[in-house]
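Report on the following structure.
Rule-based calculations on the coordinates, nothing more; no lab input. For clarity, every value in this text was computed on a predicted model and none was experimentally measured. When we count neighbours, we look across all protein chains shown, and the Cβ atoms used for this are built from the backbone with ideal geometry, even at glycine.
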Amino acid sequence: MRGHPGRGEAGRQVSGEPGGPSPRGAEVGRRIGVGLMNGLWRPRVLGAGKVPPTGAAILAVNHSHMLDGPMVMGVSPRPTHFLIKKEAFVGPLDPFLRGIGQLAVDRHSTDRAAVTDALGVLAAGGVLGIFPEGTRGEGDFASLRAGLAYFALRSGAPVVPVAVLGSAEKRGRLISGLPPLRHRIDVVFGDPFEAGDGTGRRTRAALDEATARIQERLAAHLEKARRLTGRRVTLE
């Protein structure tokens, strides 16, 4: 599937089935994120205009803190459907996360339902958010899973690198698991790029090559973001 559909994103399901990821819900999530992130911390956003204004796009975000997803969701110029580990969908968080258009994924198996929903988001011209490292860590894009390359090759959507810096830099006094209140967190969006080599191949070799290509671009963006902001990723 090639091309970047530009159909409207509001007010309909993208999966074609009841309960699928809702673009309207994702917009509600974005507005909630705007209020929370700006109310509790001080986001500084660079390069938001690089996110394609219409059509399918994939945000590839580094992941060093649990705040990274909500932060990007709040500062992104477009509603974003994040693939989030299914363990987060517990208790009242389950209906809330699904209600704001987020996608539960089983990281330990081939989750066909999550893959279908994610491809549905892209087919409808929406924005998919992915942590390509697969889990929270140093946030340095040092090791990528193949999921990002798969979605990029299958959909033809451009990949937009996103570096979140400062979320894991300091621990707050009131809640040690979160950054200090009013702490500055930088979110740097990079230039979108195509993951494929232009041949349209979707073989295992093409997937491996695309993953290596993506990793190189993401690492370069992270270094550029560090220089622009003077920030580090790891805990002090």
**OP:** Pull up all non-local amide H partners of residue 129: gap of 5 or more, or a different chain, and H-to-H distance under 5 Å with H placed in the peptide plane.
**Re:** 59, 81, 82, 83
**OP:** For the stretch 65-85 and the stretch 174-213, compute the distance between their C-alpha centroids and round to whole Å.
**Re:** 12 Å
Original post:
Around residue 187, what is the net charge, scoring Lys/Arg as +1 and Asp/Glu as -1 over all other residues with Cβ under 10 Å from its Cβ?
Top reply: -1
Subject >> Counted charge near residue 145, where neighbours are those whose Cβ lies closer than 9 Å (Asp, Glu -1; Lys, Arg +1) >> reply: 0
Original post:
Nearest 0.05, what FRET efficiency do residue 191 and residue 96 give at R0 = 30 Å with Cβ-Cβ as r?
Top reply: 0.35
Original post:
Pulled fully out, how much extra length does the chain show between residue 32 and residue 88, if you take 0.36 nm times their separation in residues and subtract their Cα-Cα distance?
Top reply: 18.4 nm
Subject >> Gain upon complete extension [residue 171, residue 106; 0.36 nm per residue less C-alpha separation] >> reply: 20.5 nm
Subject >> All-pairs Cα distance distribution in the stretch 23-229, expressed in whole percent, bin size 10 Å >> reply: 9, 36, 39, 14, 2, 0
**OP:** Within 10 Å, count the other beta carbons around each residue, average over each peptide in 155-166, 64-75, 190-201, and list them highest first.
**Re:** 155-166, 64-75, 190-201
Subject >> Note, ³J(HN,Hα) from phi for the stretch 76-81, Karplus 6.51, -1.76, 1.60, rounded to Hz, x at Gly and Pro >> reply: 5, x, 10, x, 10, 9
Original post:
How much length, in nm to one decimal, is gained on full extension between residue 212 and residue 50, taken as 0.36 nm per residue of separation minus their Cα-Cα distance?
Top reply: 56.1 nm
